[in-house]
Number of protein chains: 2
Amino acid sequence: MNAEKIPDIIIGRLPVYLRALQSLANKGIQNTSSQELGEIVGISAAQIRKDISQFGEFGKQGTGYSIPFLVERLRDILKVDRGWEVIIIGMGDMGHALARYNGFTNRGFQISMIFDNDPQKIGQKAGDFEILDTAGIAEKIKQHKIKIAMLTVPAPAAQEMADQLVKAGIKAILNYAPTSLNVPDGVHVQYIDPVTHLQRMTYYLD
Amino acid sequence: MNAEKIPDIIIGRLPVYLRALQSLANKGIQNTSSQELGEIVGISAAQIRKDISQFGEFGKQGTGYSIPFLVERLRDILKVDRGWEVIIIGMGDMGHALARYNGFTNRGFQISMIFDNDPQKIGQKAGDFEILDTAGIAEKIKQHKIKIAMLTVPAPAAQEMADQLVKAGIKAILNYAPTSLNVPDGVHVQYIDPVTHLQRMTYYLD
C-alpha cells in the first residue's frame, strides 16, 4: 500500500475506527461487525467495510472483524505502534491542559518537551515538564529528531513559529492557533479550532 | 437554500473560509480571489469557487470577492450573526482553558454557564464564571433555552451526560471526551480529539 493511493479522507477516519475498537477491546470484547462499529462511530457499515478493505482482507463474511487483529493492523497502518515524541510550543491555558493530558501515551504519543518564550514561564513546571526557552527550540528538535509539534501560541505568532519548526525538521503540526498556516509540501498540518466546529453545527440549528 | 441540499463536507469548509476572510478583513483588505483564499486555507481555488457558488453568486469574474460582503453572507449562512450561548460541562484542565478562551465572542458564541459535579469545584470560579452543579443542569438549559454544549468530562461519563443534555434540549455538542457519542437524529456532534489528528498525520511520516 502506498500513501499516495489512499484518499486522505479515508486516512482521517481510521483513527476514529481505532479509538472505537480500542474502547470495545477495553471492555473485553473480541469481535465486532461493520454494523456495530458503524453505530458507535456514526458512519455507515458499507463505508467502514470499504475504508478498511483498502488495506487488505480483514473480516470474514458472517463472522465480522477480530478486534485485536484489526487494532494491531490499524496501529501499524497509522504508525502509532511506536511512541512518537511530541513537543508543545506555547504554555498558555491550552498548552498547560495538553501538557497535563494523560490520553496521549497509550495511543502512540508522548510529550517530550514543552516551550514558551516568556521569561516568567521559562523554567517553571507544567505537568511533569519544565518549560524550555523557544530560543533553543531548533537545536532541541534536531538533537532529539522530533517530527511532531503541537502549536498553542497566539494566532499572530503562529506562522513565524511554524516556519522555525519546519526549518528544524518538524513534519507534522497540530495547530491550535485560530489561523491557517502555510507549510511546504511534505509537512502536514491539522487544525483544532473549536469555533469552526461550532459554526459547522449552527448551520443546522434554528 | 435547504440544509438537506448542501453536503455537510461543504458546510464544514465554510467556517475555515470565514476565518481566513475575517483575518484578511482585520488587515484592512477589501477584496480577495479564490486563488488567494485557496493559498491561505490550503484548498484549491476551483473547490472554493464551487463551494461558495452553492449559496448564490458572490464574486465577479476578474474582480474576485468583496470580503465584507462574503463575510456577512457566510456569517448569515452559518447563523453566527447572532451570539449563541454555549455551556461547558466538566471543569478539568480543558474546561478551564475553554472558560478562559477569549476567541469565541467575536465569532458568534459566548460562554454563558459552566458546570461540574465535583463538590470541591462547585461554587469556585473559572475565568469569569462560577462553576455550577450539574445536578441542576437540565433546568438551567431549559430556562435559558441553551442549544449548544461543550463536553469536557472524562470519557466514561460522556454518554450519560450527553443523554441528559439532549433530553434537556441541547441540539449541538462539541465533544472533547475521546469517545464516540450516540445522539438522536436532529442533534449534532462534533469531536475534538487531538490524538485522532496526530494519528492522521503519522500515517504520512517515516
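Descriptive notes on the structure:
- Accessible area per residue, Å², the protein assembly as shown with all protein chains present, probe 1.4 Å: 48 Å²
- Residue of chain B with the Cβ closest to the rotation axis carrying B onto A, and that distance rounded to whole Å: B:A97, 2.
- Straight-distance crosslink candidates among aspartates and glutamates, where the alpha carbon sits under 18 Å from A:K5 and sequence neighbours closer than 8 are dropped: A:D51, A:E57, A:D76, A:D185, B:D206
- Placed amide H near B:I114: partners under 5 Å, 5+ positions off or other chain: B:I88, B:L132
- Interface residues of segment B:42-85, defined as a loss of at least 30 Å² in heavy-atom accessible area between the chain alone and the complex of all protein chains with a 1.4 Å probe, are B:L78, B:K79, B:W84.
- Summing +1 for each Lys or Arg and -1 for each Asp or Glu among the other residues whose beta-carbon sits under 11 angstrom from that of A:A168 gives +4.
- Per-copy distances of the A:D185 label point, shortest first, in nm (7 angstrom along Cα→Cβ): 4.5
- Note on segment B:1-143: the C-alpha convex hull projects to 10.7 nm² when averaged across all orientations.
- DSSP-assigned coil residues among trypsin sites (Lys or Arg not before Pro) in segment B:84-193, each with at most 13 further Cβ atoms within 10 Å: B:K145
- The charge dipole of chain B, taken about the Cα centre with unit charges on the Cβ atoms of Lys, Arg (+1) and Asp, Glu (-1), comes to about 600 debye, rounded to the nearest 20.
- The string of couplings for segment A:29-42 from the Karplus curve (6.51, -1.76, 1.60, θ = phi - 60°) is 7, 9, 9, 8, 10, 4, 5, 4, 4, x, 5, 5, 9, x Hz, one whole number per residue in order, with x for Gly and Pro.
- Other-copy label distances relative to A:I122, 7 angstrom Cα-Cβ extension, nm: 4.5
- Interface residues of segment B:151-185, defined as those losing at least 10 Å² of solvent-accessible heavy-atom surface relative to the isolated chain (probe radius 1.4 Å), are listed as B:K171, B:A172, B:L174, B:Y176, B:P178, B:T179, B:S180, B:N182.
- Over 35 Å [Cα-Cα, the protein assembly as shown], rounded percent: 30 percent
- Within 10 Å of each Cβ in B:111-122, the average number of Cβ atoms from other chains: 0
- Qualifying GluC sites (Glu not before Pro) for segment B:22-88 [loop in DSSP, other Cβ within 10 Å: at most 15]: B:E57
- In this assembly of identical copies, the label point of A:G169 (Cα plus 7 Å along Cα-to-Cβ) is separated from its counterparts by 5.6 nm, sorted shortest first.
- Whole-Å distance, taken between Cα centres, linking segment A:137-161 and segment B:1-57: 28 Å
- In chain A, the DSSP-assigned H stretches of four residues or longer account for a calculated mean residue ellipticity at 222 nm of -12500 deg cm²/dmol, using -39500 (n - 2.57) per stretch and the full residue count as denominator.
- Local charge for A:A97 was computed over the other residues whose Cβ lies under 11 Å away, with Lys and Arg +1 and Asp and Glu -1, and equals 0.
- Computed over chain A: relative contact order in percent, which uses C-alpha pairs under 8 Å that are six or more apart: 13 percent
- Near A:A138, once Lys and Arg are set to +1 and Asp and Glu to -1 for all other residues with Cβ below 12 Å from its Cβ, the sum equals 0.
- Segment A:64-137 - Kirkwood radius from inverse mean 1/r over Cα pairs (Å): 13.8 Å
- Per-residue HN-Hα couplings for segment B:130-147 [Karplus 6.51, -1.76, 1.60; θ = phi - 60°; Hz; x = Gly/Pro]: 8, 6, 9, 7, 4, 4, x, 5, 4, 4, 5, 4, 5, 4, 9, 6, 6, 10
- In this assembly, the A-B interface accounts for approximately 6000 Å² of buried accessible surface in total, computed with a 1.4 Å probe and without ligands, DNA or RNA.
- For chain A, the residue among A:L24, A:T152, A:Q199 whose Cα projects farthest onto the positive side of the dipole built from Cβ charges is A:L24.
- When both bridge partners sit in chain B, DSSP labels roughly 20% of those beta bridges antiparallel.
- ³J(HN,Hα), Karplus 6.51/-1.76/1.60, whole Hz, each residue of segment B:70-86, x for Gly, Pro: 5, 4, 4, 5, 5, 4, 5, 4, 7, 6, 9, 7, 9, x, 5, 7, 10
- Amide H contacts of A:N31 (H built 1.01 Å from N, under 5 Å, at least 5 apart or other chain): A:I67
- Per-residue shielding of A:187-193, expressed as the average number of other chain Cβ atoms within 10 Å of the residue Cβ, stands at 5.
- Farthest toward positive dipole pole in the protein assembly as shown [+1 Lys/Arg, -1 Asp/Glu at C-beta], among A:L98, B:L181, B:L74: B:L74
- Taking the 1.4 Å solvent-accessible surface of segment B:74-124 as the whole, the part contributed by carbon and sulfur is 40%.
The values are calculated or read from the model by the stated rules, or taken from the named source; none is laboratory data. None of the values given here were measured: they were computed from a predicted structure. Because the Cβ atoms are built from the backbone with ideal geometry, glycine has one as well, and the counts that use them run over all protein chains shown. All accessible areas refer to the heavy atoms of the entire protein, side chains included, with ligands and DNA or RNA removed. Shrake-Rupley method; radii C 1.70, N 1.55, O 1.52, S 1.80 Å.
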